[in-house]
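No lab work stands behind these numbers, since they all come straight from the coordinates. Here the structure is a predicted model, which is why all the values come from computation and not from measurement. Please note: Cβ atoms are built from the backbone with ideal geometry, for glycine as well, and neighbour counts cover all protein chains shown.
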Amino acid sequence: MLLLGGGVYGAYAYLSSPGPIPTIAMPTLTSSPEPSSDPSSSDPPSSTPSETAPAETTPEPSETTEPDEPATDPTETSKRAQPGSPLTHDEFRDWNFALGSVKYNADKVGGWTYDSCDPVDARGALAKSQCMSAVELAYSAYGGHLKAVQVMMSFPTDKAAKTAADRLAKLDSDAVKWRKSKVHTSYVYGKIRSSASKKYVVVTIVTADQSARSKATNFHAYLQSDHASYFLLRDLTITS
């Protein structure tokens, strides 16, 4: 998917960690309950890849490639939805990102679609902005040494989404619920990024162990920006 600029407003926070790093921490986001059957959600397919993928089937992501390599076709990492259609986790596949000399890959290891924002709204901040629905995605990269969870929420208007993002930025980081089982319990990198993009808000949590620590910051920034940028075009109607 191509990274686009403009129209996206964001912030980030640290996750509290059981280890000595990071030394600056904010309260940990509350995890979503994991019932045997999520209300109004779609279960991941039975072929969902393992969080620690075999090296021979999933090449380790790299941050550089040949400068003249073409950018990845957007259809490889997202299934473009019909403009105005309900948000679903099936819109997002494995993340295969390439832009100039930058390249990242991550396996999608879980996806959930919620018909409302109740499953991810811990403190009512989303309801106050009329949040309509949400999806949750889980990714694994570098053989499981880096893991990510994304919560994406839809709102009736761009203004409502921006207001929600502003509210979340002023609250402790437990305002959004997400699945902690899909990230590391112990890590040396743990941060949350969030941004509003058109009538959507994207929250991305990334953790990494020592092996992937050096790659985590840029990986996190590109994953957040790339999927936020997806929503800049999602609901545009293209006429010939």
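Structure notes:
- Volume in Å³ per residue [convex hull over Cα atoms, computed for the stretch 125-165]: 72 Å³
- Residues whose placed amide H lies under 5 Å from that of Met132, excluding near-sequence neighbours: Ser154, Phe155
- Theoretical FRET efficiency, 1/(1+(r/R0)^6), r = Cβ-Cβ of Arg123 and Ala81, R0 30 Å, to 0.05: 0.55
- Under 5 Å between amide hydrogens, built in the peptide plane, is the criterion, and for Gly100 it picks out Ala71 among residues at least 5 positions away or on other chains.
- Cα extents of the stretch 188-232 along the three principal axes, largest first (Å): 36, 13, 8
- Cα gyration tensor, the stretch 96-136 - rounded (a/c under 1.5), prolate or oblate: prolate
- Percentage, to the nearest whole number, of Cα pairs in the stretch 90-193 over 22 Å apart: 39 percent
- Per-residue HN-Hα couplings for the stretch 102-118 [Karplus 6.51, -1.76, 1.60; θ = phi - 60°; Hz; x = Gly/Pro]: 9, 9, 9, 9, 8, 7, 7, 10, x, x, 9, 10, 10, 6, 9, 9, 4
- Here the convex hull built on the C-alpha positions of the stretch 143-234 has a volume of 96 cubic angstrom per residue.
- Legend: residue pairs Lys159/Lys182; Lys159/Lys191; Lys128/Lys182; Lys103/Lys159; Lys147/Lys199; Lys147/Lys215, Cα-Cα distance threshold 23 Å; pairs beyond threshold, Lys159/Lys182; Lys159/Lys191; Lys128/Lys182; Lys103/Lys159; Lys147/Lys199.
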